[in-house]
1. Could you list, in sequence order, all residues of region 24-53 that are open to solvent by 30 Å² or more (accessible area, probe 1.4 Å), of a type in the set (S, T, N, Q) and closer than 20 Å to Asp113 by Cβ?
2. Which numbered condition trips up Val261, out of (1) surrounded by fewer than 15 Cβ atoms within 10 Å (Cβ to Cβ); (2) modelled with pLDDT under 95?
3. Pairs, please: C-beta under 6 Å, at least 6 apart or cross-chain, first residue closer than 30 Å to Ala283 by Cα and in region 227-255, second in a loop (DSSP other than H, G, I, E, B)?
4. Please give the number of the condition Asp131 fails out of (1) at pLDDT 90 or above; (2) within 19 Å of Thr33 (Cα to Cα).
5. Quick one: is Ala74 crowded, with 24+ Cβ neighbours inside 10 Å, hydrophobic (A, V, I, L, M, F, W, C) and within 23 Å of Leu167 (Cα to Cα)?
6. For region 105-118, name all the residues that are open to solvent by less than 80 Å² (accessible area, probe 1.4 Å) and charged (D, E, K, R).
7. Regarding region 5-17, can at least one residue be identified that is of a type in the set (A, V, I, L, M, F, W, C), over 16 Å from Ser162 (Cα atoms), open to solvent by less than 10 Å² (accessible area, probe 1.4 Å) and touching a residue at least 60 places away in the same chain (Cβ under 8 Å)?
8. Quick check, is Leu170 closer than 30 Å to Tyr225 by Cα and either within 16 Å of the ligand (Cβ to nearest atom) or among the hydrophobic types (A, V, I, L, M, F, W, C) (or both)?
Amino acid sequence: MFAHSPVRGELVEMSDAWQQVQALRTYPAAVSTMLGEMLAAAALLSANLKFNGSIILQIHGDGPVQLLVVECDALLRVRATAKLQADSVVPDNASLQQLVNQHGEGRFAITLDPADKLPGQQAYQGIVSLDGDSVATVIENYMMRSEQLDTRLWLAADETVSRGLLLQKLPDEGGTVGGTAGGTTAGTDPDTDTDAWNRAVTLASTVREDELLDTDIMTLLKRLYWEETVRVFEPRHPSFHCGCSREKVGNMLKLLGKEEVDSALADLGELEIDCDFCGQHYAFDSVDCMQLFTADAISDAVQLPGSQQH
Ligand SMILES: [Zn+2]
């Protein structure tokens, strides 16, 4: 928090978690950079929105990259994956537009999936077009349109580290600044420093990408804002975690339906599914699949009439 001003910021860096994401497969350099930047952005937004659940950033591309998915839960546990078109050749310096928006049909979606969903409750999803030439710009546009929050992001990733800086201008109209920071009220504070936002952004804009990659976040914070009074909170620690399970894969098969599953079993003998995020292997033979649908049929049968209320 910047003292006496409606500005807050966050810094993130991930090395182990980011390297675990990349351990599963090798992506072309431009795709890897984009995925790493999205990973930093997801952690920043998760802390920023203080949402009790998972934040899922997805890009549905119409270029060589078909899908990029990054998830971060309330405990800052992250996972990420990218899917490329078969035989696609991606130049090292490919731009965001070249990667995912060649025909203007790429889409960026942010999903807020509550941790303690009530039965029938849907996750919230906002979708925006892919305007801009960086992940940071796309998210800045989203935050302005969906959350009406003036937010700036600086993101960078290479094969070892993913780093990001977020600055946000809090609403002026007497909104409480950071409930945990002592409940100062921005609009009524006579000492409010109205130029702080411009200063904070101008200084952050001097950071070059290579500087962001080479500098640990506390050094960066001091280097940028040594003249400002900044209140620094206890750091939290992101980690890699995949929440996939045999039960979830089973539920996915149930969604496909018995007919589809039986037909795949007839072709393959056994269904083998690898998790795109962590590589975990799941196998379902005909007995496993039969149990999936039998268990379903039994629970349907015992459901009393009128119990399917929403
Ligand atoms: Zn997994």
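The values are calculated or read from the model by the stated rules, or taken from the named source; none is laboratory data. All values derive from a computational prediction rather than experimental measurement. Quick reminder, even Gly has a Cβ in these numbers, built from the backbone with ideal geometry, and neighbours come from all protein chains shown. Just the protein is used for accessible areas: all its heavy atoms, side chains included, with ligands, DNA and RNA removed. Shrake-Rupley method; radii C 1.70, N 1.55, O 1.52, S 1.80 Å.
1. Residue satisfying the conditions is Asn52 alone.
2. The single condition Val261 does not satisfy is (1).
3. That search, which allows pairs on different chains as well, returns Cys242/Phe277; Cys242/Cys278; Cys244/Cys275; Cys244/Gln280.
4. Among (1) at pLDDT 90 or above; (2) within 19 Å of Thr33 (Cα to Cα), Asp131 violates only (1).
5. When the stated conditions are applied, Ala74 does not pass them.
6. Scanning region 105-118 gives a single hit, Asp113.
7. Yes.
8. Here the answer is yes, as Leu170 does meet what is asked.
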